[in-house]
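Asks: Mind having a look at this structure? Questions to follow.
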Amino acid sequence: MALVKAGVLVLDCAEPEKLAVFYKEFLEAEQTEANANRVEIKGADGTRLAFRRDVNATPPSWPRPENSLQTHLDFVVEDLDEAERRVIGLGGRPLETKDASGPFEERGYADPAGHSFTLRCVTPTAPKQG
């Protein structure tokens, strides 16, 4: 019998309820747990995320070097453009990482609390970028 029953990635933020809504809508997930300081969700694919209240949380500054990338989420999607529209519609924002044209294999974003994440295609749509 496995000692660990499940792994959950926990993001610290000032308002866990609001951040949980963003990811719940984006991942079409269900809320599985909530208390005054933490909200947990589970996506249809089994992805488990939790959001813990930290009133002093400071968002990562990636791609700037100071307080840069601490961790990030990576989501595989079928259609980058459709996923991008959904992310932005839910309050996320694109991160300026490269000035290149054409389709990309992956794109970087920040959630409403400033945590970075990447959307990438199931199958590559462009040659590997330097």
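The values are calculated or read from the model by the stated rules, or taken from the named source; none is laboratory data. Computed from a predicted model, the values in this text were never measured in an experiment. Note: ideal-geometry Cβ built from the backbone for every residue, glycine included; neighbour counts use all protein chains shown. Please note that ligands, DNA and RNA were not included when accessible areas were found on the heavy atoms of the full protein model with its side chains. Shrake-Rupley method; radii C 1.70, N 1.55, O 1.52, S 1.80 Å.
Asks: Dipole size in debye (nearest 20) for segment 1-63 around its Cα centre, Lys and Arg Cβ +1, Asp and Glu Cβ -1? Display every interim value, and only then the final one.
Replies: Numbers: 8 positive and 10 negative charges, 39 e Å.
Dipole size: approximately 180 debye.
Asks: A further question follows. Got a sec? What order do Val10, Val87, Val21 fall in by accessible area at 1.4 Å, biggest, i.e. largest, first?
Replies: Ranking Val10, Val87, Val21 by accessible area, largest first, yields Val21, Val10, Val87.
Asks: Quick one: net charge around Pro112, please, counting Lys, Arg +1 and Asp, Glu -1 for every other residue with C-beta under 12 Å from its C-beta.
Replies: That sum, taken over residues with Cβ under 12 Å, equals -2.
Asks: Let me ask something additional. All other residues with a Cβ under 9 Å from the Cβ of Glu40 taken together, and with Lys, Arg as +1 and Asp, Glu as -1, what is their net charge?
Replies: +2
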